[in-house]
1. Would you mind telling me which numbered condition in (1) modelled with pLDDT under 90; (2) of a type outside the set (Asp, Glu); (3) within 18 Å of VAL292 (Cβ to Cβ) LEU236 fails?
2. I'm trying to understand the selection: among the residues of the stretch 247-262, which are assigned to a loop (DSSP other than H, G, I, E, B) and of a type in the set (Asp, Glu)?
3. Just to verify a result, which residue in the stretch 265-295, among those that are assigned to a helix (DSSP H, G or I) and of a type in the set (Asp, Glu), is nearest to TRP323 (Cα to Cα)?
4. Answer yes if at least one residue in the stretch 315-325 is closer than 23 Å to TYR145 by Cβ, part of a loop (DSSP other than H, G, I, E, B), of a type outside the set (Val, Ile, Thr) and modelled with pLDDT of 90 or more, and no otherwise.
5. Quick one: which helices (runs of 4 or more DSSP H) sit completely within the stretch 53-157 and have at least 1 residues that are at pLDDT 85 or above and of a type in the set (Asp, Glu)?
6. Any residue in the stretch 233-246 that's farther than 14 Å from PHE272 by Cα: show its pairings with residues that are part of a helix (DSSP H, G or I) and basic (Lys, Arg) at Cβ separation under 8 Å, as long as the two are six or more apart or on different chains.
7. VAL204 passes all but one of (1) in contact with a helix residue (DSSP H, G or I) (Cβ under 7 Å, 6 or more places away or on another chain); (2) more than 23 Å from SER267 (Cα to Cα); (3) at pLDDT 70 or above; which number fails?
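The values are calculated or read from the model by the stated rules, or taken from the named source; none is laboratory data. Keep in mind that this is a model prediction, so the values were computed, not measured. Cβ coordinates were reconstructed from backbone atoms using ideal geometry, including for glycine residues, and neighbour counts include every protein chain displayed.
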Amino acid sequence: MTAFSWTLALLTTLLWLRTEARLEPFDLLYDNGVEAFYSSDYERVVFYMEKALSSYWELRRSRVGCTLSCEDQYPFSNTTSDLPFFDVVLRRAACLNECLDRRVGAQSVHRVSEDVIQDFNRRTPYNFLQLAYYKQAFSTGVKHYDNENYEIAIKSFEEALVEYFKADVECRALCEGPQKFEDHAYLEYQPHLHKAISDHYTQVLACKHECVRDLATRPGRLSPMENYLPLHYDYLQFAYFKAGKMDKALECALSYLLFHEGDEFLSENVDFYRRSLMEEGISDEFKPRQDVERYVRRHKKEVELLRLGSEIMELDFTESNYWSSSGGREDINRYARLPYSVPMLRHIIAGHRNG
């Protein structure tokens, strides 16, 4: 490479980095789009809304990427001493600032008010983009399921689960940012150090815990679909049964029971799957899937910590049951339900066994 080529490549790289670091604030782009809308300049509305959404997602990706990267670089040790803990906290904070400055430029221009964020989240362009892969895959799975294309449905539901857990990691990473302390004026709020840490951590944990709700809420809706994640395993256990994969059906039925322990009909299905496998000479050593087992265990631990934190902060805490299987909500009914009532399903499974 000649000196001129090397210089040109260096200048191109520096220009690219400089351009990359100048991410335009999404709230300003959004305001321009709203202004264009009221001016009936629809061409500019499309231009600014698309740029606003692109900026929003790029900022989100940067925050997720930087947070996860800094957590990997500076993990917490098993020591109970205060100094190593604060050393990691400070190093992560410095790492995060450095990373974000490098990716999006000065962070001060990306500070958006809570009102703007809420307004932005409820706008049609944002809702359109929020049709994430996992929701699309789930909807596709339901359609194939209704058409009794069980093998294809299984593929879609499994893809939806992979994307769901990936989205869960990203959602939780975004909670590491600033939190709005309820019932406290932030600037006047200066309690004891340990009290401040516990209060902030409770806010962060509450945010992470709410990812269950966020990931189950469809675009344009304020309320989540009840039983959203468990439904994946309910569909899968029957689809695998119809596909003749009894071991997978048992695994998914056991996974569903992690959310609804003692569910009568799924418990009966589990007994049937186990007997069928034993008759085929397959040992009964099946357990729920490890990823969902970790997920449910973490969820329960968070509830314990949130209750404790709320007591310390003297706030009310009510655990919302987003995994209710009552089936009474409109959002659930808008998705196709299982093609058979549960009693019929039991007869179908029993008939399959006898045949």
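1. (1)
2. Restricting attention to the stretch 247-262, the residues satisfying the condition of being assigned to a loop (DSSP other than H, G, I, E, B) are 260-262.
Within the stretch 247-262, just GLU261 meets the criteria.
3. The extreme case among them is GLU293.
4. No - not one qualifying residue is present in the stretch 315-325.
5. 82-104, 133-146
6. Note: pairs meeting the criteria are LEU236/LYS248.
7. All conditions are met except number (1).
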